[in-house]
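Derivation of every value follows stated rules applied to the coordinates shown; laboratory data play no part. Since we're looking at a predicted model, the values are computed, not measured. Backbone-built Cβ (ideal geometry, glycine too); neighbour counts: all protein chains shown.
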Amino acid sequence: MNTLFNRNFLKKVSVVFAAVVFSSVVFAQEAVAEEENKEQAAQEDVIVLTVQDAVDYSNKNSLTLKSSEIDLELAKWKKNVAWNTFLPTAQVRGTMARANDIKPSPEDESLHWTAMGDLSLSFNFNVAMIYNMSATIASYESGKLTWEEAVKSNELNVKKLFYALLLQQESLNLQKASLENARQRMNQAATNYRNGYIPHISYLQTQVAYENQVPTVEKAEAAMRQSLDTFTFIIGMPIGTKVRLEGEINPEYVDVDVDSLVEKSLENNLSVKSLKQSIKTLKMQSTALGLSTYTPSLALSWNGNPVITNALKNDWGEKDNWKDNGALSFSLVWNITNMLPWSSNGTTAKELSANIDKLETNLEVLRRNTELEIRTAVDSLNQSKKAIESSQRNITLAQKSYDMTWQAYINGTTEYLNLKEAETQLNQAKLGLANEKYNYMTNLMDLENKVNTTLSGDK
């Protein structure tokens with residue numbers, strides 16, 4: 001009996017010793033491999049990107065933003081030259097004319113020719129012109145808000161994509177770690193089988209498990225490369241640029257008050273501001289149209305019309321040979337047609353009024369939707385925080401279960417499948433925590449975008 005006990009004891013000690021030695025060798029191999037990877041990365045042209053680096057690069061190189069920037073520059077140019085509506089109209093014209101006679105004339109041909117010039121200046125003024133200029137300036141201000149909205153939206157999308165890639169990288173790392181564990185178990189099983197500690201079927205199970213995980217990891221690596229290529233394309237980098245993301249999914253937790261956030265949002269939300277500015281612009285246009293319809297226009301004009309007869313013979317440099325038929329005039333003009341309700345001005349006025357009413361309705365809807373979205377975002381934020389705390393507790397339990405199962409596997413008191421199940425549960429718990437952290441960060445980013453206020457620092 002004592003001999004049997006000693007054999008079993010020595011058997012277990014040998015297994016444990018072999019596992020320790022194997023783990024040490026693996027650790028050393030991993031350390032060497034890590035150093036080699038660092039050296040290789042240093043030799044390759046790899047760009048390291050933080051989340052702020054990605055945002056800054058995208059803001060400078062995004063094709064979508066460049067298109068919006070062109071629209072803004074055009075609106076700015078129109079604003080800068082809005083004053084040109086007050087410029088007078090100037091025209092210069094020169095004419096040589098021959099008078100036709102019904103009967104042939106024996107007179108000199110030169111008598112039929114007349115030279116004349118025409119120089120005219122005219123200026124029209126209506127009070128509506130001031131409001132039209134103001135509407136142009138207001139349109140530019142609306143364009144600036146649209147541009148700011150586009151920039152904010154771009155930054156939000158880039159940040160979400162960046163952290164989504166970190167989440168994908170975390171999943172890949174867990175799969176790689178699981179594959180390495182499977183390799184270690186396979187090698188350990190080979191040692192145990194050669195020493196006669198486990199049957200052949202147990203060794204084959206570890207081989208099958210390892211080989212099944214290899215293509216899964218390879219597919220995950222390929223998917224990660226494709227995701228990085230897509231990301232670099234989106235932020236405006238040349239296709240094929242190699243990048244390495246530097247950051248972590250580690251949210252900064254904040255305490256928020258719903259009512260104060262709603263109040264801030266109604267003041268700072270860019271969509272609300274943009275809609276208000278659009279309403280202001282349309283009201284200016286409507287006022288300008290009303291003034292141009294019902295108020296007179298002051299017309300000032302001066303016309304110089306120098307004429308010389310017998311143009312082929314008379315001296316053009318002689319002042320007495322010229323006659324000036326020009327005039328200076330002042331006029332007040334009412335366009336009666338524009339006052340009619342079915343005129344083009346009347347139709348335009350109706351359209352402007354309807355558009356103003358529509359935008360004011362949209363503004364009220366936007367305000368209500370924004371309040372609802374903020375309350376929902378705050379609720380999602382709080383739920384995400386609770387889910388993170390639950391996931392952290394789950395990881396603690398899963399890690400303890402895995403450690404106990406691993407020890408039992410080493411001691412030969414549990415099957416490989418039980419160990420594999422414990423590892424799967426641990427990896428799922430770790431990935432679940434990363435997902436919940438990502439959800440918290442994206443919910444917080446959405447909330448900050450709605451309020452247009454930073455509630456936490458960038459991570």
Nitroxide proxy distance, nm - points 7 Å out along Cα→Cβ at residue 363 and residue 45: 5.3
Percentage relative contact order, the chain, counting C-alpha pairs under 8 Å, at least six apart: 23
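Hey, any idea what Rg/Rh is for the chain, computing Rh the Kirkwood way over Cα pairs?
1.32
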Where GluC sites (Glu not before Pro) in DSSP loops with at most 13 other Cβ within 10 Å are excluded, longest remaining stretch of the chain: 319-459
Computed Kirkwood radius, in angstrom, where 1/r is averaged over Cα pairs of segment 284-366: 17.4
Fewest-first ranking of 363, 426, 74, using other Cβ atoms within 10 Å as the exposure measure: 74, 363, 426
Cα centroid separation - segment 325-389 against segment 133-189, whole Å: 34
Pairwise Cα inverse-distance average, inverted: Kirkwood Rh of segment 213-367 (Å): 24.7
For the chain, the longest site-free run once chymotrypsin sites (Phe, Trp or Tyr not before Pro) in DSSP loop states with at most 11 other Cβ atoms within 10 Å are removed: 1-252
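Write down the Kirkwood hydrodynamic radius of segment 212-270, to one decimal in angstroms, obtained as one divided by the mean of 1/r over all alpha carbon pairs.
15.7
Step by step: find N for segment 131-266, compute 2.2 N^0.38 Å, then divide the Cα radius of gyration by it. What's the final number?
It is 1.84.
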